[in-house]
1. So what is the relative contact order of region 284-372, in percent, for Cα pairs below 8 Å that sit 6 or more residues apart?
2. So between residue 561 and residue 573, what do we pick up on full extension, going 0.36 nm a residue minus the alpha carbon distance?
3. Kindly write out, for region 256-273 in residue order, the coupling ³J(HN,Hα) from the Karplus curve 6.51 cos²θ - 1.76 cosθ + 1.60 (θ = phi - 60°), rounded to whole Hz, with x marking Gly and Pro.
4. Given 0.36 nm per residue, what is the gain on full extension from residue 670 to residue 501 after removing their alpha carbon distance, in nm?
5. Can you tell me how much longer the chain between residue 524 and residue 268 gets when fully stretched, taken as 0.36 nm per residue apart minus their C-alpha distance, in nm with one decimal?
6. How large is ³J(HN,Hα), in whole Hz, for each residue of region 220-230 in order, when computed from phi with the Karplus curve 6.51 cos²θ - 1.76 cosθ + 1.60 and θ = phi - 60°, using x for Gly and Pro?
7. Karplus couplings for region 516-526 from phi (6.51 cos²θ - 1.76 cosθ + 1.60, θ = phi - 60°), rounded to Hz, Gly and Pro as x?
8. Please calculate the 1.4 Å probe accessible area of residue 569, with all protein chains present, and give it to the nearest 10 Å².
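The values are calculated or read from the model by the stated rules, or taken from the named source; none is laboratory data. Remember, it's a predicted structure, so these values are computed and weren't measured experimentally. Methodologically, a virtual Cβ is constructed for each residue, glycine included, from the backbone with ideal geometry; neighbour enumeration extends over all protein chains shown. Ligands, DNA and RNA are excluded from the accessible area calculation, which covers all protein heavy atoms including side chains. Shrake-Rupley method; radii C 1.70, N 1.55, O 1.52, S 1.80 Å.
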Amino acid sequence: MKKLLLLLALSLFSTQGLAGECPDGSEPVKSVSEDGSYFVYNCGGGNSNPNAGTVKVAMKPFNGDWMNHSIYPATVKERLQQKYRNLAGVVYGDMDNDGIDDFVVLATPKNNRNKLAGGERPDITGHEVCDITVEEFDCYDKRNNIEIYSLQGEVSFKYWEREKNRFKKAIGLGAINLSSRIANNNPIDMNLQGPNAIKLADFNGDGVLDIFEIETGIAVVGLSTWAALQGRKNLRITWDKGSNKYPDSGSIYKFFKNRSKKRGAKGRSDGNVKRALKNADTVVDAVYEVPFQAHATMEPMNCVVDYRSDHCQVWAPTQSPKDAQKRVGKMTGFPIDKVKINVTFLGGGFGRRAFNDFVDEGVEVSMYMKKPVKLIWTREDDMQHDFYRPASRHVLKAGLMKDGQTIAWSHSVVAPSILFGQMFKYPIPFKDKLDVVALAGAKEVAYEIPNINVDYKSANTNIPVGWWRSVYDSQNAYANECFVDELAQTLNVDPVQYRLQLLKKSPRHTKVLQLSAKEAGWGKDIEKDHYQGVSCHASFGTYVAQVAEVSVDNEGVVHVHRVVCAVDCGQPVSPTTIKAQMEGSIVYGLSATLNGEITIENGAVKQSNFHEFEVLRMDQMPKIDVHIINSSEAPSGVGEPGLPPIAPAVTNAVFAATGIRVRKLPIKPENLRS
């Protein structure tokens, strides 16, 4: 599972004097060029090169003028000018007394630039001395024993360690084409020779510290975020895409379909569903599908790690600090009391930060660098290296009687397992591979039906999956509540009344359903071309019902105008918090209902940023009315239960508006166009 976090390294030159550099040990004679752009230090020459013994030092930050001298052919001028256009200065002349003119790039720290401009001559001892000829120039970094050269006509350097004949580090700016963890990617060419060699493009500034391979990819370290990002931007790496049995979304959904025909692990079995379906007057069946979802937290993954010889301290927006502490202790070999985790504000979590892979990376880089580091993922990193909400397929059947009774309910859930995916292995023996977490919201279906079957069919892929706000309830509620609406339609019964008939033994469901319908004006006249849909679901001990009011324009675009939400979370402790959490959950759920979808293409996540993975926009935001049941029950959670009902409420309203059932999310306008 390889990916790219680049951190770059650049040696900085000092500005010490160069007395004794002349062959006779004397101080070089200093003069100023006619145009005032550089100083000339002359030792008197003495060999065949007309500029032998002469060193020219730029007085000003590089602006291109210093290269305009006739002794340099135009092609060389252009290449060097392009390559080093943002550096503070350049020394050039015959620096190693080999009769060939040389140049040395001065990547001076900001606090030394004034000294350079003032004319103090930089010390080039042990640093890059590059011979310039008309058609090519070659460099050899004496200090690091790295030969650096540019092939004729190219504008890129290649770096490798001379003695070991393999890539070690790059002094320069590079870029990276992100690969996805889902394909088990590994770099196939860290040797910089041959047709697949890494090529480092122009170095467009200083501040790069190092570049090296870590467990999950490649790290680029810089003195600033900008330096590291620019380094990463231009580094090109060829990756081994790895083995991936299901390299695209089409093959994954086909796999799910095939798995749905296999035997499942029983999560709930009441009565005899098979016999009831056989005796039913009408059998209704439907298949619902939901895609993978990214968390898309506003703040991408990041952390600060300070690794020392005897302890390690981490600052991280993690939802699992204990897990982070254990992982850091294992990586460093330190006892737990020598590992401190400082938990910052999350910047959005939704379950993503329960996984501490980004902390692992920060620790590995800090251990390598032996200094504190701040690790930052780009938005593209975050979007394409998530632990996604699992995609799933839901196969439902129900048996109905002419007198309006519902006598059978069957729900098969086909989905990857979070619990028994990358986290744990299935216990042995575990023939049916039951993951009760994956059936959350499905096996607890509250409707009073005498024959109920709920089973789970494991369908793991190589795609990392993880907790997402309301986890599997978000998918199972969508399938349940859409299917209940289909049954009400088949029986020609009002959707609210049909639910109430089946919830007589669940007073808390009944209360929120009645309250939401009342406050939404269910069954009464509403604005022209507006339609309502309803849903009701309990999760995490909290009962929520929602009514969505929507319209669908001629282009098939769904507009959600209003959502009425009733919630029973036990005794209300902080009504403003309850309201805020309901509103936030509805917004998050609407993003997945109307816009969000992660798809796989060629073994990698296709979406990279918000232009491809859209979240709810301001002009899509509906009015939200939250009504809280005054209950004496024990308080329960409010961070997630507001999400599961929103998708079915909206899609049921879309059916009321168009007569079209939405059985796959997100809602696609092209499927609704008149």
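1. For region 284-372, the relative contact order is 37 percent.
2. Once the chain is fully extended between residue 561 and residue 573, it gains 1.4 nm.
3. 4, 4, 5, 5, 5, 8, 8, 5, x, 8, 5, x, 7, 8, 10, x, 10, 5
4. Between residue 670 and residue 501, full extension yields 57.3 nm more.
5. Answer, rounded to one decimal: 88.3 nm.
6. Going residue by residue, I get 10, 10, x, 6, 8, 4, 4, 4, 5, 5, 5 Hz, with x marking Gly and Pro.
7. Going residue by residue, I get 5, 5, 5, 5, 8, x, 4, x, 9, 5, 10 Hz, with x marking Gly and Pro.
8. For residue 569, the solvent-accessible surface is approximately 0 Å².
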